[in-house]
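Asker: Pasting a structure here, questions to come.
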Amino acid sequence: MSHALDAPLSASAEPGVVASVVAFAYKTGVIAELEVRKLRHDPTEMITRAVQPALWLLVFGEVFTRLRAIPTGGVPYLDFMAPGILAQSVLFVAIFFGIAVIWERDLGIIHKLFVSPTPRGALVLGKALSAGIRSLSQVVIVYTLALLLGVRMNWHPLALAGVISAVFVGAACFATLSLIIAALVKTRERFMGIGQVLTMPLFFASNAIYPLAIMPPWLRAVARLNPLSYEVDALRALMIVGGISTFGLWTDFALLGAIATLLVIVAAYVYPRVVT
């Protein structure tokens, strides 16, 4: 008798779970679409974002390629460096994403979002996805510059899909970290100060412009704790001909995914503090 009653209940519960997941995904997509739509009002952002990777590749990369001072395992230094500059560009796009949250609070937009039935997790995940979409412009910019400079790129469709996936997950990590910082500090001035303090250590304490093997032991330990190192490692294996993953692609994506998931959960928890 009890089994007969349990079956209809479980059957009716399953569509409810599916409907909840679909609704969550839809609301996440709406938030992401709203964020990406802002690019239409300020397309110059994508142009200005091209300056920094161009300087690193054209100046730093070309000089160190001629010096041959950094061992890269038989890969030309410019090839070795290109994935690191792509990861750096994604970091710089995502790490300042929280400033928009503070602007939205000042304009009253955040208050309207909080009174809507949209879950906090969908708000945070939608913003993280939009950061990934914005970062795709950096993929186009760095790939174009790398081609012009003669970098040997890997054009296999699976490799390109892997690059896009790594960029998305990396952008989600740093965008949600940025949102957490914005929710805690609450002012634009403090946020900009912390953002600027974070970007350079994250970049230089990674394998973006030099391999782990030549780092002192203490810096190597820090680099292994740095999410940017795993994004660079995945990009280096997928983006260039002859690229090798130090940690393993499964490790790279697993750790990046775990960090992004954890940060989304924390960001969803602290997000309401931005208005308190």
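Asker: Please arrange 155, 56 by counting, for each residue, the other beta carbons lying within 10 Å of its beta carbon, fewest first. Numbers along the way, then the final one.
Answerer: Working: 155 8, 56 20.
Sorted ascending by nearby Cβ count, the order is 155, 56.
Asker: Only counting other Cβ atoms within 10 Å, I'd like 104, 189, 231, 62 sorted with the fewest neighbours first. Show your work: numbers first, answer last.
Answerer: On the way: 104 18, 189 9, 231 31, 62 14.
Fewest to most other Cβ atoms nearby, the residues stand as 189, 62, 104, 231.
Asker: If you rank 186, 127 by fewest surrounding Cβ atoms within 10 Å, what's the result? Mind dumping the intermediate values first?
Answerer: Details: 186 16, 127 27.
Fewest-to-most Cβ neighbours within 10 Å comes out as 186, 127.
Any read-out appearing in this document is the output of simple, stated calculations on the displayed coordinates, not a laboratory observation. The structure displayed is predicted, hence computed values, not measured ones. No Cβ is skipped: glycine too gets one built from the backbone with ideal geometry, and neighbour counts run over all protein chains shown.
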